[in-house]
Amino acid sequence: MHEYTHQTEELTRAIVAYARNRIASPQPLDRIASSAELSRRAGETVTPEGLGGDEALRIWAEVLAPATISTDHPAALAFVPAAPTKAAVLFDLVVGASSTIAAGWIDGAGAIWAENQALAWLADLAGLPEGAGGVFVAGGSAGNLSALVTARATAGQRRGGRPAAGWRIAVAESVHSSVITAARVIDVEVVTVPGDERGRLTGPALAATLDGLDPAQAEGVFAVVASAGSTNAGIVDDLSGVADACRDRQIWLHVDGAYGGAGLAAPSVRPRFTGIERADSFIVDPHKWLFAPYDCCALLYRDPGTARGVFRQEAEYLDTVNRQKAAWSEWNPADYAYHLSRRARGLPFWFSLATYGTDAYRDALEQVLTLTRRTAEEIRSRPGLDLVMEPELSVVLFRRSGWGLEDYESWWHRLLESQIAFVQPTSWRGEQVARLCFVNPRTTIDHVLAVLGTMA
């Protein structure tokens, strides 16, 4: 099975040809299919004798891929889509072919060095101090969970253990769902702080909520999670005010910038992030708005040593890896999140940055932001359509007067069936509304006009 044979050579050519065509040619949005339909069309694919590479690739190309939404399509505007650069996609093939484990410097030095170059650029954008660092993990959920575990352990060391009333984190109502899940996983309570009129977590509201807690409960608050671009509406919290409240109470500040943190590289919106430089930890997902393929989240710590003391794994076979002064233990990514084995998932992002340069990233982000503003203007000009709020980053919430849940559901199904766009409605303070999320520089105003034209 592992020998390089003539059949392997033929399969290599076929897969490379498929990948080349996928990258070079305009792709359809594709559709959603039921499990029953896929079973009928694909048949049994895992069999004792095997199907052979050609047949397996045919089933993927003809049956399974068309039932998988192309999130890099310029009209994919639902959730937070992706728009990886050609260079990033191509280098992802290299990463897959390289069989690299980037858990420790001893066997992944070159890959880790390159990843750290990309992490350093992100740390600089955020204004974190020299010495900040971290690791690429699978996604924002993994990044948020690892940061909160580190924050809790740090609080326990400073406060002499777990408080009698248990641990708590403070968040805004608009916090990402992964943070709530992380709290359940690590068995901590959640203190919800009312947002302002835009749903932002503000310093004064946070201070008032924390000061209003029972002293025993207040003692257990070990972290605050702020958003640098909420997923639902693209809103950046009052990071400076939140940082002040955290400093005054010696509470860890974690900033979730999974989607919006990319805006740090765009001069037109960079001032919205003032205060992020004071975070103790920060995440941003390059697979969202920084043009990398799935899956890739950058997790950064102001002081990486706080995480190293939490996540370092001790075992006899890791003794050599854990010898701190050895050249082969210069930087071990396994020490900075809850994983051990890990793919070098930051390499496609690094390769894209190295290939195109950071100026190209700045320009692509500004192009997306310009389109977002044009979309808002177009919505304002159309009878029956109303903006819910002015967009801060690249998410637009708007309503169609007279529409309810069934209208929005029917609308997005029609758009996908006709291959105009893939969109999803959302809710804002109990009201069903439409939502468009832009991350792809190839999305144009014509794509937007086609979507809005279906709402007449």
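Under the condition of being touching a helix residue (DSSP H, G or I) at 6+ places or on another chain (Cβ under 7 Å) and open to solvent by 70 Å² or more (accessible area, probe 1.4 Å), which residue from segment 314-329 is modelled with the lowest pLDDT? The selected residue is W328. Only one of A111, A126, A102, A83 is more than 28 Å from A19 (Cβ to Cβ) and not basic (K, R); which? Being more than 28 Å from A19 (Cβ to Cβ) and not basic (K, R) holds for just one of A111, A126, A102, A83, which is A126. Among residues of segment 263-275 being in contact with a Ser or Thr (Cβ under 9 Å, 6 or more places away or on another chain) and in a helix (DSSP H, G or I), the one that is nearest to L119 (Cα to Cα) is A265. Among the residues making up segment 271-298, those that are within 23 Å of A360 (Cα to Cα) and among the hydrophobic types (A, V, I, L, M, F, W, C) are F273, I283, V284, W289, L290, F291, A292, C296, C297, A298. Every listed requirement among (1) assigned to a helix (DSSP H, G or I); (2) open to solvent by less than 50 Å² (accessible area, probe 1.4 Å); (3) under 30 Å from V321 (Cβ atoms) is met by A97 save one, (2).
The values are calculated or read from the model by the stated rules, or taken from the named source; none is laboratory data. These numbers were taken from a predicted model, which means no experiment stands behind them. All Cβ positions, even for glycine, are placed from backbone atoms using ideal geometry, and neighbour counts span all protein chains on display. Note: areas computed on protein heavy atoms with side chains; ligands, DNA, RNA excluded. Shrake-Rupley method; radii C 1.70, N 1.55, O 1.52, S 1.80 Å.
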